[in-house]
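Worksheet: the structure to be examined is printed underneath.
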């Protein structure tokens, strides 16, 4: 700046669009739509999976957890408040009253998110402090039928621990990011029926990269 070089950032626009994608994943995963799709296509059956049926729910009666009031997180909370009043937020750097202005309720303990939420959205930036912050105990604490959504970064979680819990077929995951990226051809994430994978497309893509009117 001292040399007169202009510095700008599109993080606000990027954050908004990652939040919109995450919001979409929350909506379809509450109804277990991706997992019903896998079931119907692979078995030829129709609405016969008792576990899936038990945990196919409505957003208005479900509790959504948001980890971090980042640009993505705060936009996601605002989107969620239009469809549910049950939004729990973990962010040690935000005060309760600040989170409440966006429509969420602060929890002081990260594991309360796992324990109480039907869907958990990880919105944390990858920092030295956040690398590996979501580990085995978190995934083991998640409710039966709950969904873990990661549109942040793969290194924030212990992926091996997540895979171990997914193999028990009691929770679900929607993952736009992995570690490494892409996952190896032999990764269980490519084969597990309770996982939805997308190739890191939650952010700005294609038309939005060239549209001058895009906001």
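We did not get these values from a lab; they are worked out from the coordinates using the rules stated. Keep in mind that this is a model prediction, so the values were computed, not measured. Neighbour counts are summed over all protein chains in view; Cβ atoms, including those assigned to glycine, are modelled from backbone coordinates with ideal geometry.
With the crude spin-label approximation of a point 7 Å out along Cα→Cβ, what separation in nm comes out for residue 42 versus residue 82?
Between residue 42 and residue 82, the label points sit 3.4 nm apart.
Given the peptides 58-70, 92-104, arrange them by the average over their residues of other C-beta atoms within 10 Å, most packed first.
58-70, 92-104
What does the helix-only formula give at 222 nm for the chain: each DSSP H stretch with n ≥ 4 adding -39500 (n - 2.57), the total divided by the residues, and the result rounded to the nearest 500 deg cm²/dmol?
It comes out at -10000 deg cm²/dmol, rounded to the nearest 500.
So how do 52, 25 line up by other beta-carbon neighbours within 10 Å, fewest first?
Starting with the residue having the fewest Cβ neighbours, the order is 52, 25.
What is the gain in length, in nm to one decimal, between residue 9 and residue 193 on full extension, counting 0.36 nm per residue of separation less the C-alpha to C-alpha distance?
Numbers: separation 184, 0.36 × 184 = 66.24 nm, distance 3.82 nm.
Result: 62.4 nm gained on full extension.
Once R0 is set to 35 Å, what does the formula 1/(1 + (r/R0)^6) return for the Cβ-Cβ distance between residue 185 and residue 115, expressed as a FRET efficiency to the nearest 0.05?
So, using R0 = 35 Å, E works out to roughly 0.50.
What length, rounded to one decimal in nm, is gained on full extension from residue 140 through to residue 53, with 0.36 nm per residue of separation minus their alpha-carbon distance?
My answer for the length gained is 29.2 nm.
Based on the Cβ-Cβ distance of residue 61 and residue 108, what FRET efficiency does E = 1/(1 + (r/R0)^6) give at R0 = 30 Å, to the nearest 0.05?
The formula returns an efficiency of 0.75 here.
Is segment 47-150 best put as rounded, prolate or oblate by its Cα gyration tensor, with a ≥ b ≥ c the root eigenvalues, rounded for a/c under 1.5, and otherwise prolate when a/b is larger than b/c, oblate when not?
The shape class here is oblate.
Determine which residues of segment 64-103 fall in the zone a paramagnetic label at residue 127 would reach in this model, i.e. backbone nitrogen under 12 Å from the point 7 Å along Cα→Cβ.
The answer is 68-71, 91-94.
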